[in-house]
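Worksheet for the structure shown next.
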Amino acid sequence: MNRMRINKFVPLTIIPLFFFIFRLQAQTSTNTAILQDASRRLSLKEKQDYQTLLTVSKKKGWPLIITNKAGHRAILSGIDPKGYPLYVGSNDLVQPRQSGLIHFGPGEVQG
């Protein structure tokens, strides 16, 4: 009987002590300077990557936009690890929520 009282008493005292010692706190303020700096760095990197993409596409003769026979378009979005162009397009630009995103690889066309 005495053992049962100890078993209930120990967790009931340890749990509040645990929360008191390791106080759980939510974030009370946002460090906007860090967020703005990260935003500037990311924007600069994206601009540099886009300029690189334009330079390489012009050098290799890749079109920025390709259109298949059905009239669907794909836009040059990057270069894969092997150095081939990556195109991203949609089945239907009018209703993008109902269509799936399509990635065009080298030599692939939407059909």
> Does the range 8-18 contain any residue that is among the polar types (S, T, N, Q) and either at pLDDT below 85 or in contact with a Leu (Cβ under 6 Å, 6 or more places away or on another chain) (or both)?
Replying inline: yes
> Is it the case that some residue within the range 41-56 is exposed (fewer than 10 other Cβ atoms within 10 Å of the Cβ) and at pLDDT 80 or above?
Replying inline: no
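The values are calculated or read from the model by the stated rules, or taken from the named source; none is laboratory data. Just so you know, these numbers come straight off a predicted model, no measurement behind them. All Cβ positions, glycine included, derive from the backbone under ideal geometry; neighbour counts span all protein chains shown.
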